[in-house]
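Below: one structure, written as structure tokens.
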Amino acid sequence: MTPEQFTEVFREHLPALSRYLSRRVAVDDVDDLAASVFEIAWMKRAQVVVGEELPWLYRIAAFQVANHRRRLNTAAGFLRMQSSVQSSPSPEALAILDFDLAEAWKTLTAAEAEILALVAFEDLTIQDAAKSAGITANAASLRLFKARKKIEAALAEKD
């Protein structure tokens, strides 16, 4: 990937990547994490498949978010994380507007919730969500199916 192509990828995908990050970390940390993601992407630009840049960036971002959360897992970081919860809702929190749906979402495993969030909130295809999660499209389809069934069953119980 040439520097010009990378610049185009950056311009095209920065808004989506920033939205992805803002749903997962404190708003104050989004710019720094986005910069880290693109720094890593620049160093690993030879690995990206043309046309699959966004799922590739989401995968890098997921690792950066995990690393960021580990760093916050200190005593001071714990207090900071607690104060930032209101300013950085998770993707599922953005969609959950009632208690029943919130309770239904809690029935999902972390892997199921991530696939559902990538498809529902980030508008990725199942293939791109699978690439972002580092699994096969078949595994992603199965997780998405299970997640939807769990949500449906939990909501049906409430009715």
The correct count of residues that are aliphatic (A, V, I, L, M), surrounded by 16 or more Cβ atoms within 10 Å (Cβ to Cβ) and either over 21 Å from Ala129 (Cα atoms) or without any contact (Cβ under 8 Å) to a residue 12 or more places away in the chain (or both) in region 2-29 is 1
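Out of Pro91, Pro55, which single residue is modelled with pLDDT under 85, crowded, with 18+ Cβ neighbours inside 10 Å and touching an Asp or Glu at 6+ places or on another chain (Cβ under 8 Å)? Talk me through it step by step, then tell me what you get.
Details: Pro55 fails: modelled with pLDDT under 85.
Going through Pro91, Pro55 in turn, just one is modelled with pLDDT under 85, crowded, with 18+ Cβ neighbours inside 10 Å and touching an Asp or Glu at 6+ places or on another chain (Cβ under 8 Å): Pro91.
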Note on region 9-27: residues over 21 Å from Val119 (Cβ atoms) and at pLDDT 90 or above are Arg11, Leu14
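The values are calculated or read from the model by the stated rules, or taken from the named source; none is laboratory data. All figures in this text were calculated on a predicted structure; none of them were measured in a lab. Cβ: placed from backbone, ideal geometry, glycine included. Neighbour counts: every protein chain shown.
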